[in-house]
Each structure stands twice: as structure tokens, then as C-alpha cells.
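Structure below; questions to follow.
The values are calculated or read from the model by the stated rules, or taken from the named source; none is laboratory data. Being a predicted model, the structure only gives us computed values, none of them experimental. Neighbour counts are summed over all protein chains in view; Cβ atoms, including those assigned to glycine, are modelled from backbone coordinates with ideal geometry. To get the accessible areas, we keep the full protein, side chains included, count just its heavy atoms, and leave off ligands, DNA and RNA. Shrake-Rupley method; radii C 1.70, N 1.55, O 1.52, S 1.80 Å.
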Amino acid sequence: QVQLVESGGGLVQPGGSLRLSCVASRVIFGINRMGWYRQAPGKQRELVATITRGGSTDYADSVRGRFTISRDNAKNTEYLQMDSLKPEDTAVYYCTFNILGRDYWGQGTQVTVSS
């Protein structure tokens with residue numbers, strides 16, 4: 001069983017930055033797409049960003065230009081650099097790996113943007 005462990009969430013002021021990380025619990029071969037989703041209170045989970053094994057990225061319109069997704073295939077790790085954070089970015093952030101056609105999810109990490 002593969003587990004994804006997230007870290008890097010917390011409380012930050014508007015305009016600040018955070019970097020989320022997500023690492024697999026063991027060495028894995030065949031990780032295709034990696035991604036980040038978020039869910040704010042009372043709202044549905046939404047896609048934030050994705051990155052393919054080859055490094056192609058895609059972003060939600062609401063975060064494009066402020067967030068950067070990246071991955072280190074050798075370390076089975078992905079990252080989400082979040083800059084110019086806004087209060088509306090407040091949510092629980094979940095990482096996901098697609099491994100041989102199956103999606104695995106992290107437990108979620110809270111990001112709160114508030115003054």
C-alpha cells in the first residue's frame with residue numbers, strides 16, 4: 001500500500017508564501033500524473049495544478065501565475081510553491097499521484113491565509 005505524506009501547510013498573511021511537499025512512503029515506479037487539489041469549507045474539492053511525468057503543467061485559472069507545481073521523480077516527491085497568497089486560497093490541500101492508472105491521495109494539509 002502506498003501512502004502519500006504531505007507537509008508545509010500553515011498560517012500565512014495575505015501576500016505571503018508557502019511551499020507544500022508530498023512524498024510517497026516507499027519507492028515507486030510508474031508514477032504518471034501528480035497533482036494538487038484543495039477543498040475550502042462548504043465547497044467542493046477543486047483541482048489546483050497538475051504535472052505530468054515529462055514535466056508538463058496545468059493550473060486552475062485562480063492560481064495561475066502565483067502557484068508553481070514541480071516534481072522530483074528520483075525522490076517520488078512533488079511540490080507546490082504558493083506565492084502572493086490570498087484569503088480565498090484558504091483550504092485543505094491534498095496531493096495525488098496517479099500510479100499505473102490508480103489515484104492515491106494524501107491526508108491533506110491545512111493552509112490558512114489571514115491577517
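Residues of region 60-103 being aliphatic (A, V, I, L, M), closer than 14 Å to Val48 by Cβ and in a strand (DSSP E or B), which ones?
Ile69, Leu80, Met82, Ala91, Val92
Consider Val23 against the criteria (1) farther than 17 Å from Gln81 by Cβ; (2) not in a loop (DSSP other than H, G, I, E, B): it satisfies all of them except one. Which criterion is unmet?
(1)
Kindly establish whether Ile31 is more than 15 Å from Glu6 (Cβ to Cβ) and touching a helix residue (DSSP H, G or I) at 6+ places or on another chain (Cβ under 9 Å).
Taking the combined requirement at face value, the residue satisfies it.
Please determine whether any residue of region 86-93 is without any contact (Cβ under 8 Å) to a residue 12 or more places away in the chain, among the hydrophobic types (A, V, I, L, M, F, W, C) and open to solvent by 20 Å² or more (accessible area, probe 1.4 Å).
no
Can you pull out every residue in region 2-12 that is open to solvent by 30 Å² or more (accessible area, probe 1.4 Å) and outside any strand (DSSP E or B)?
Answer for region 2-12, where residues must be open to solvent by 30 Å² or more (accessible area, probe 1.4 Å) and outside any strand (DSSP E or B): Gln3, Gly8, Gly9.
Can I ask one more? Can you tell me which residue within region 13-27, out of those that are open to solvent by 20 Å² or more (accessible area, probe 1.4 Å) and of a type in the set (A, V, I, L, M), is nearest to Leu100 (Cα to Cα)?
Val27
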